[in-house]
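This report concerns only the one structure given below.
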């Protein structure tokens, strides 16, 4: 079995709730998605997707993904899509760094490999544990009243887990956090995410001002060392997200005891295969795990669901349903969502049925 062709599509995916806002004035109106179709000589097709959140969230940008994919794709023709470790090493050899460029290709090959075995991808990722993963929803950064109303709507929609965006002016963020926490029912799970927006000085101010509140602090500062300095004085759990970009980062976080949990983003580490490797090690090291990505629709969300539900339930935190964030659809048989929990689609591979006619004209195709 070998890769016969690789085709790339660009799909803009506007957000259903309007502009997505983070600290420091960072915002985006849509995901700029790169979708990859990989076919084999046996007639099977695999799909992959990656979409950075603007140009400000991660060291990745949509135009770079498209350009890099065009460079890498021809070298994959003739390789076995089931040999995922070999494919990853090959891509790292022919194109140094830039893991986000390789993510959709790896995802498409994972989908293809599972379809070739006629099993759901979750089976190849270690086996399914549980029927659904908890979902959280994001309360984006903004005026206090708007954030409170957003949180109340989310609770009314059935969500019991909120990620509240902070990372701006500390005193304003203390007010935001206090108001939102006071407006939602007792027992609501709250993650307070600064997206690496604070200095240690600012993070300490925030922690001191919110000691009476029940929440998990997520990525207060840019570096592992800075976050560790906050964790040493923190009486709450801490999760790191932006700091987890490689195996070396994971080992450093474990060595220094810098976090209780990790958020693994598929495109940040280079695809489903490398996410699974980091996830398995993190589980063995005792971390709580969230698996998600920087953006996308049905294809990417399906991969997140398979990775989440192959994570042991006792180590699993939650994830997001990106296909519900956007106004466009790219596939049918999407990951099923019942109120605030998500399962995996029935069928082999990712389980979704991509509707090629919704993707527009291809950016390019390379074939053998």
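The values are calculated or read from the model by the stated rules, or taken from the named source; none is laboratory data. Since the structure is predicted, the reported quantities are computational estimates derived from the model, not experimental observations. Positions of Cβ are generated from backbone atoms using ideal geometry, with glycine treated the same way; all protein chains shown enter the neighbour counts.
Taking the condition at negative phi, in a loop (DSSP other than H, G, I, E, B) and assigned by TED's automatic domain parsing to the domain that holds residue 324, does residue 274 pass? Talk me through it step by step, then tell me what you get.
Details: at negative phi: yes; in a loop (DSSP other than H, G, I, E, B): no; assigned by TED's automatic domain parsing to the domain that holds residue 324: yes.
Taking the combined requirement at face value, the residue does not satisfy it.
I need the full set of residues from segment 108-130 which are outside any helix (DSSP H, G or I) and either touching a helix residue (DSSP H, G or I) at 6+ places or on another chain (Cβ under 8 Å) or under 30 Å from residue 18 (Cβ atoms) (or both), in order please. First the steps, then the outcome.
Of the residues in segment 108-130, the ones outside any helix (DSSP H, G or I) are 118-120, 125-130.
Within segment 108-130, 120, 125, 126, 128, 129, 130 qualify.
Table: residues versus (1) in a helix (DSSP H, G or I); (2) more than 28 Å from residue 56 (Cα to Cα); (3) outside the structural domain of residue 20 (by TED's automatic domain parsing).
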position	(1), (2), (3)
151	yes, no, yes
173	yes, no, yes
208	yes, yes, yes
212	no, yes, yes
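Evaluate the following for residue 181: is it more than 17 Å from residue 235 (Cβ to Cβ) and either more than 24 Å from the chain's Cα centre (by Cα) or assigned to a loop (DSSP other than H, G, I, E, B) (or both)?
On the way: more than 17 Å from residue 235 (Cβ to Cβ): no; either more than 24 Å from the chain's Cα centre (by Cα) or assigned to a loop (DSSP other than H, G, I, E, B) (or both): yes.
For residue 181, the condition - more than 17 Å from residue 235 (Cβ to Cβ) and either more than 24 Å from the chain's Cα centre (by Cα) or assigned to a loop (DSSP other than H, G, I, E, B) (or both) - is not met.
Which one is farthest from the chain's Cα centre (by Cα) among residues in segment 34-57 that are closer than 25 Å to residue 194 by Cα and surrounded by 19 or more Cβ atoms within 10 Å (Cβ to Cβ)?
Initial filter on segment 34-57 (closer than 25 Å to residue 194 by Cα): 50-57.
From the residues that got through so far, the ones that are surrounded by 19 or more Cβ atoms within 10 Å (Cβ to Cβ) too are 50-54, 57.
Numbers: 50: 10, 51: 10, 52: 10, 53: 10, 54: 14, 57: 12 Å.
Result: 54.
Residues being farther than 17 Å from residue 128 by Cα and either in contact with a strand residue (DSSP E or B) (Cβ under 7 Å, 6 or more places away or on another chain) or in a helix (DSSP H, G or I) (or both): count how many of those fall in segment 338-351.
Within segment 338-351, the subset farther than 17 Å from residue 128 by Cα is 338-340.
Filter once more, so that each one left must be either in contact with a strand residue (DSSP E or B) (Cβ under 7 Å, 6 or more places away or on another chain) or in a helix (DSSP H, G or I) (or both): 340.
Matching residues across segment 338-351 total 1.
Would you be able to tell me the number of residues in segment 84-107 that are surrounded by 15 or more Cβ atoms within 10 Å (Cβ to Cβ) and assigned to a helix (DSSP H, G or I)? Quick ask: steps written out before the conclusion?
Step one: of segment 84-107, the residues surrounded by 15 or more Cβ atoms within 10 Å (Cβ to Cβ) are 84, 87-88, 90-92, 95, 98-107.
From what is left, the residues that are assigned to a helix (DSSP H, G or I) are 84, 87-88, 90-92, 99-107.
Adding up the residues that qualify gives 15.
Look at residue 338 and say whether it is under 19 Å from the mean Cα position of the chain (by Cα), in contact (Cβ under 8 Å) with a residue 12 or more places away in the chain and at negative phi.
Numbers: under 19 Å from the mean Cα position of the chain (by Cα): no; in contact (Cβ under 8 Å) with a residue 12 or more places away in the chain: yes; at negative phi: yes.
No.
Restricting attention to segment 318-326, does a residue exist that is over 23 Å from residue 189 (Cβ atoms), under 17 Å from the mean Cα position of the chain (by Cα), assigned to a strand (DSSP E or B) and not assigned by TED's automatic domain parsing to the domain that holds residue 107?
Pass one, segment 318-326, residues over 23 Å from residue 189 (Cβ atoms): 326.
Keeping just the survivors that are under 17 Å from the mean Cα position of the chain (by Cα) gives 326.
Still in the running and assigned to a strand (DSSP E or B): 326.
Among the residues that remain, those that are also not assigned by TED's automatic domain parsing to the domain that holds residue 107 are: 326.
Yes, because at least one residue in segment 318-326 is over 23 Å from residue 189 (Cβ atoms), under 17 Å from the mean Cα position of the chain (by Cα), assigned to a strand (DSSP E or B) and not assigned by TED's automatic domain parsing to the domain that holds residue 107.
Looking at 111, 129, can you tell me which residue is within 27 Å of residue 340 (Cα to Cα), surrounded by fewer than 20 Cβ atoms within 10 Å (Cβ to Cβ) and either in the same structural domain as residue 275 (by TED's automatic domain parsing) or touching a strand residue (DSSP E or B) at 6+ places or on another chain (Cβ under 6 Å) (or both)?
Working: 111 fails: surrounded by fewer than 20 Cβ atoms within 10 Å (Cβ to Cβ).
On inspection, the qualifying residue turns out to be 129.
Among the residues of segment 132-156, which ones are touching a residue at least 60 places away in the same chain (Cβ under 8 Å) and surrounded by fewer than 21 Cβ atoms within 10 Å (Cβ to Cβ)? Steps first, answer last, please.
Of all residues in segment 132-156, those touching a residue at least 60 places away in the same chain (Cβ under 8 Å) come to 132-138, 140-142.
Those that are touching a residue at least 60 places away in the same chain (Cβ under 8 Å) and surrounded by fewer than 21 Cβ atoms within 10 Å (Cβ to Cβ): 132, 134, 138, 140, 142.
Report the residue count in segment 220-240 for those that are in contact with a strand residue (DSSP E or B) (Cβ under 9 Å, 6 or more places away or on another chain), outside any helix (DSSP H, G or I) and crowded, with 23+ Cβ neighbours inside 10 Å.
Of the residues in segment 220-240, 3 are in contact with a strand residue (DSSP E or B) (Cβ under 9 Å, 6 or more places away or on another chain), outside any helix (DSSP H, G or I) and crowded, with 23+ Cβ neighbours inside 10 Å.
Which condition number does residue 64 fail, the rest of (1) surrounded by fewer than 18 Cβ atoms within 10 Å (Cβ to Cβ); (2) not in a helix (DSSP H, G or I) being met?
Checking residue 64 against (1) surrounded by fewer than 18 Cβ atoms within 10 Å (Cβ to Cβ); (2) not in a helix (DSSP H, G or I), the one that fails is (2).
In segment 293-316, how many residues are surrounded by fewer than 24 Cβ atoms within 10 Å (Cβ to Cβ) and within 12 Å of residue 135 (Cα to Cα)?
Quick first cut of segment 293-316, residues surrounded by fewer than 24 Cβ atoms within 10 Å (Cβ to Cβ) only: 294, 312-316.
Still in the running and within 12 Å of residue 135 (Cα to Cα): 316.
Summing the residues that are surrounded by fewer than 24 Cβ atoms within 10 Å (Cβ to Cβ) and within 12 Å of residue 135 (Cα to Cα) in segment 293-316 gives 1.
In a helix (DSSP H, G or I) and within 30 Å of residue 203 (Cβ to Cβ) - does that describe any residue in segment 155-167? Talk me through it step by step, then tell me what you get.
At the first step, the residues of segment 155-167 found to be in a helix (DSSP H, G or I) are 155-156.
If we keep only those that are within 30 Å of residue 203 (Cβ to Cβ) too, we end up with 155.
There is at least one residue in segment 155-167 that is in a helix (DSSP H, G or I) and within 30 Å of residue 203 (Cβ to Cβ).
Of everything in segment 259-271, what is in a loop (DSSP other than H, G, I, E, B) and surrounded by fewer than 23 Cβ atoms within 10 Å (Cβ to Cβ)? Give them in sequence order. Give the derivation first.
Applying the first criterion (in a loop (DSSP other than H, G, I, E, B)) to segment 259-271 yields 259-260, 270-271.
Residue satisfying the conditions is 260 alone.
Could you please let me know if residue 79 is in a loop (DSSP other than H, G, I, E, B) and either farther than 30 Å from residue 24 by Cβ or not assigned by TED's automatic domain parsing to the domain that holds residue 193 (or both)? Don't jump to the end; show me each part of the working.
Values: in a loop (DSSP other than H, G, I, E, B): yes; either farther than 30 Å from residue 24 by Cβ or not assigned by TED's automatic domain parsing to the domain that holds residue 193 (or both): yes.
In short, yes.
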